[in-house]
Amino acid sequence: MLREAQKFADLDMMGQAVLDEGDRSLFEEALKCYQIGSHRAAVILTWCATADCLKRRVKDLASEGDSQAQQAQTELQVVEGLATYEETLIGCARKCELIAEFDERSLRFVRDVRSKCAHPTGVIPSAEAVRHIFHICVNGVLSRKGYHGMAFVEDVVTVQFDDRHLLPNENKAVEYCRAIAEKVPERSWPQFASIAAQQRPGPHSEIWERNALSFFRVLLSLSDDSTARRIAGGFQGFEVKSPDFFSILVGIDNRVDKFWDAQKRAQARGHLISASAVKITPEHVHSWAVICTADGFEKSDEDLLRQKWGGMSRYLAMEKEFLQKHRTLLVNLLKEMLLEDAASSQALIAIGNLAGSSLCDEPSEPMRVIVKAIIERFAKDQGYRKLLERVAEWTGAMLITLLGESELFLQECSNDNPDDSLYLLEAARELAHRSPSEIPQGFEDVISRLLKREILAEWAEAGSEVGTVFRRQLALLLQQEPAAFANIDHALAIKGIDAEDEEIAIEREEDEEVLEAVEVDKVIETVEEDPVNEATGDIAIEGDNQ
């Protein structure tokens, strides 16, 4: 009885999920029929509610100007009152994308069962079959908001965009937005922009703007040029009441020069620069970078970077087209800022975020100056040291440049911080993993000269901590990556390491022997001083003798 009562309770919950009041009334009547055992009547009433719902939605779409729905309505009018009407209705609902392919097959099953129940065929569906039909009709049609048209679009832009949990996982935001967009045929995608501008012209909450921008960015990326241009046209409604939001929308897609004229792009750029001077967001940075990529780099853009490059850099690292197009200008600017006391802190943060980006994909003279500045300052400045701590994230070009300055780097290392020398070996190891053929010949030459004591001869002395640490890790690197460093004499690198290891081992053994002797002396002293221990020892000896 409890299980049957639970089934009825679940069905009541299902009835509450039906959206339209008229459909709900019919479905609740079907539930009553099911509860008294009138299964055929339950199926017939459920199908009536479902068919009416589909017919009404096709009509709503046609009244909104949807050409596919208008054609479907014409087809339905031709067969109205005929036996083929219900089959045509299901087919039209599928063509209008009101239902998916699986829903179409499921509804045909329900229609066939309904036909058998409505005629004297002797078919009486089981309770399980009726519940299955309830599930198909309610979940597939009657309770689903996911049918396209004005009602669905309005719900998305006026209700769902206000939900802070709409896009809970940033890694899956594209997937979520795509799922919403694909519930609507592409020809209707511009309605999202136009209805949003009509219903919510601004100002907006932070949550609404964040969700809207994420969705519109994905929507545009899915659209061809023609559809995207129509979507962009719908954004015009935001310009008056939400100029900052509108400016972000102008640069949200890389085809900005196809959708907006030069004047709109210039106005948007000005708004974005002003907004970024106050608050830096990934949306502002992205749109600004897109417009700069399309229209070039101006003095106002340089001024913005001089003030805010540190905060903008982590977002700019993802703007590959912007960084590649303006690489020469940007690297030069970064070099200038690094050498200026007033701007060096911004430059340091920017280098930390961009050293692994496409900005640093090609070696250049400004890059060499930047790397030399890092080498010359890291021993005294923690900010520069942090850059070397992330050397494994650097681009190949940055690693090559660093290895090309090996001699200068090693001269900056000392016994005060012997592990500093390992940054160079870490860079060499990383480049050997990625592209061993790009190891600079200059790096191997410097290492060979070091091993031959032609430079930094003091590193070979027994008391040189930095020399010992470096040579040990170098020997390990050559063992791990022998092919990458073929021009370095491996035997020479290992020479002396084994002898040092043996000497250390001997010293360790001697220390252990001393410790053992000390422990024995302590035990003897304890026994001699403790009369109880002496007595116990005597008894033990007598027992042994016996």
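The values are calculated or read from the model by the stated rules, or taken from the named source; none is laboratory data. Just so it is clear, the model here is predicted, and its values are computed rather than measured. Quick reminder, even Gly has a Cβ in these numbers, built from the backbone with ideal geometry, and neighbours come from all protein chains shown.
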request  = Under 6 Å between Cβ atoms, at least 6 apart or on separate chains: pull out the pairs that start in the stretch 283-305 with a residue that is among the aromatic types (Phe, Trp, Tyr) and end on any residue that is not in a helix (DSSP H, G or I).
outcome  = 297/326
request  = Would you please list the contacts, defined by Cβ atoms under 7 Å and residues six or more apart or on different chains, that run from a residue in the stretch 250-278 that is farther than 23 Å from residue 309 by Cβ and touching a residue at least 40 places away in the same chain (Cβ under 8 Å) to a residue that is surrounded by 15 or more Cβ atoms within 10 Å (Cβ to Cβ) and basic (Lys, Arg)?
outcome  = none
query = Among (1) over 25 Å from residue 93 (Cα atoms); (2) out of contact with any Asp or Glu (no Cβ under 7 Å at 6 or more places or on another chain), which single condition is residue 199 missing?
reply = (2)
query = For residue 110, all conditions in the list (1) at pLDDT below 95; (2) of a type in the set (A, V, I, L, M, F, W, C); (3) touching a Phe, Trp or Tyr at 6+ places or on another chain (Cβ under 8 Å) hold save one; what is the number of the exception?
reply = (1)
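Looking for whichever is touching a Lys or Arg at 6+ places or on another chain (Cβ under 7 Å) and either under 24 Å from residue 143 (Cβ atoms) or assigned to a helix (DSSP H, G or I) (or both) here; the options are 61, 107, 45, 98. Which one fits? Steps first, please.
On the way: 61 fails: touching a Lys or Arg at 6+ places or on another chain (Cβ under 7 Å); 107 fails: touching a Lys or Arg at 6+ places or on another chain (Cβ under 7 Å); 45 fails: touching a Lys or Arg at 6+ places or on another chain (Cβ under 7 Å).
Going through 61, 107, 45, 98 in turn, the sole match is 98.
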ask   = Which ones in the stretch 180-214 are part of a loop (DSSP other than H, G, I, E, B) and not β-branched (Val, Ile, Thr)?
value = 182, 183, 185, 189, 200, 201, 202, 203, 204, 205
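Return yes when residue 102 is surrounded by fewer than 16 Cβ atoms within 10 Å (Cβ to Cβ) and modelled with pLDDT of 95 or more and no when it is not. Before you say what the answer is, go through the steps one by one.
Values: surrounded by fewer than 16 Cβ atoms within 10 Å (Cβ to Cβ): yes; modelled with pLDDT of 95 or more: no.
It is false that residue 102 is surrounded by fewer than 16 Cβ atoms within 10 Å (Cβ to Cβ) and modelled with pLDDT of 95 or more.
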inquiry  = Going by what's in this entry, would residue 231 be described as touching a Leu at 6+ places or on another chain (Cβ under 8 Å), of a type in the set (Val, Ile, Thr), assigned to a helix (DSSP H, G or I) and under 21 Å from residue 321 (Cα atoms)?
reply    = no
query = What number goes with the only condition from (1) surrounded by 14 or more Cβ atoms within 10 Å (Cβ to Cβ); (2) under 20 Å from residue 185 (Cα atoms); (3) hydrophobic (A, V, I, L, M, F, W, C) that residue 76 does not pass?
reply = (2)
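Residue by residue through the stretch 30-87, note down the ones that are of a type in the set (S, T, N, Q), touching an Asp or Glu at 6+ places or on another chain (Cβ under 9 Å) and at pLDDT 95 or above. Please lay out each step first, then the result.
Initially, the stretch 30-87 is screened for residues of a type in the set (S, T, N, Q), giving 35, 38, 46, 50, 63, 67-68, 70-71, 73-74, 77, 84.
Those still in the list that are touching an Asp or Glu at 6+ places or on another chain (Cβ under 9 Å) too: 50, 68.
If the condition is that a residue be of a type in the set (S, T, N, Q), touching an Asp or Glu at 6+ places or on another chain (Cβ under 9 Å) and at pLDDT 95 or above, then 50 is the only one that fits.
When you look at residue 33, is it in a helix (DSSP H, G or I) and in contact with a His (Cβ under 9 Å, 6 or more places away or on another chain), yes or no? Full working, then the answer.
On the way: in a helix (DSSP H, G or I): yes; in contact with a His (Cβ under 9 Å, 6 or more places away or on another chain): yes.
So residue 33 passes the test.
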request  = Quick one: which helices (runs of 4 or more DSSP H) lie wholly within the stretch 393-505 and hold at least 3 residues that are modelled with pLDDT of 95 or more?
outcome  = 396-404, 406-411, 422-434, 441-451, 465-480
remark   = Condition set within 18 Å of residue 276 (Cβ to Cβ) and of a type in the set (S, T, N, Q), scope the stretch 291-344, selection surrounded by the fewest Cβ atoms within 10 Å (Cβ to Cβ): answer is 300
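Would you check which residues across the stretch 367-387 are in contact with a helix residue (DSSP H, G or I) (Cβ under 6 Å, 6 or more places away or on another chain) and among the aliphatic types (A, V, I, L, M) and list them?
367, 369, 370, 371, 373, 374, 375, 387
If we scan the stretch 255-275, do we find a residue that is part of a loop (DSSP other than H, G, I, E, B), at pLDDT 95 or above and in contact with a Ser or Thr (Cβ under 9 Å, 6 or more places away or on another chain)? Show your work before the answer.
We begin by selecting, within the stretch 255-275, every residue part of a loop (DSSP other than H, G, I, E, B); these are 255, 260-261.
Filter again for at pLDDT 95 or above, leaving 255, 260-261.
From what is left, the residues that are in contact with a Ser or Thr (Cβ under 9 Å, 6 or more places away or on another chain) are none.
No: the stretch 255-275 contains no residue that is part of a loop (DSSP other than H, G, I, E, B), at pLDDT 95 or above and in contact with a Ser or Thr (Cβ under 9 Å, 6 or more places away or on another chain).
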request  = Please work out if residue 260 is in contact with a helix residue (DSSP H, G or I) (Cβ under 7 Å, 6 or more places away or on another chain), surrounded by 18 or more Cβ atoms within 10 Å (Cβ to Cβ), more than 23 Å from residue 312 (Cβ to Cβ) and aromatic (Phe, Trp, Tyr).
outcome  = no
key: Criterion violated by residue 279 - all others in (1) surrounded by fewer than 18 Cβ atoms within 10 Å (Cβ to Cβ); (2) charged (D, E, K, R); (3) modelled with pLDDT of 95 or more satisfied   = (3)
task = Please work out which residue is modelled with the lowest pLDDT, limiting yourself to the stretch 153-179 and to residues that are crowded, with 20+ Cβ neighbours inside 10 Å and in a helix (DSSP H, G or I).
result = 153
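Here is a yes/no grid of residues against (1) assigned by TED's automatic domain parsing to the domain that holds residue 54; (2) not polar (S, T, N, Q):
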{"site": "105", "(1), (2)": "yes, yes"}
{"site": "115", "(1), (2)": "yes, no"}
{"site": "172", "(1), (2)": "no, yes"}
{"site": "187", "(1), (2)": "no, yes"}
{"site": "202", "(1), (2)": "no, yes"}
{"site": "207", "(1), (2)": "no, yes"}
{"site": "210", "(1), (2)": "no, yes"}
request  = Scan the stretch 123-134 and report the pairs whose first residue is polar (S, T, N, Q) and whose second residue is part of a helix (DSSP H, G or I), with Cβ atoms within less than 8 Å and a gap of 6+ or a chain change.
outcome  = 126/39
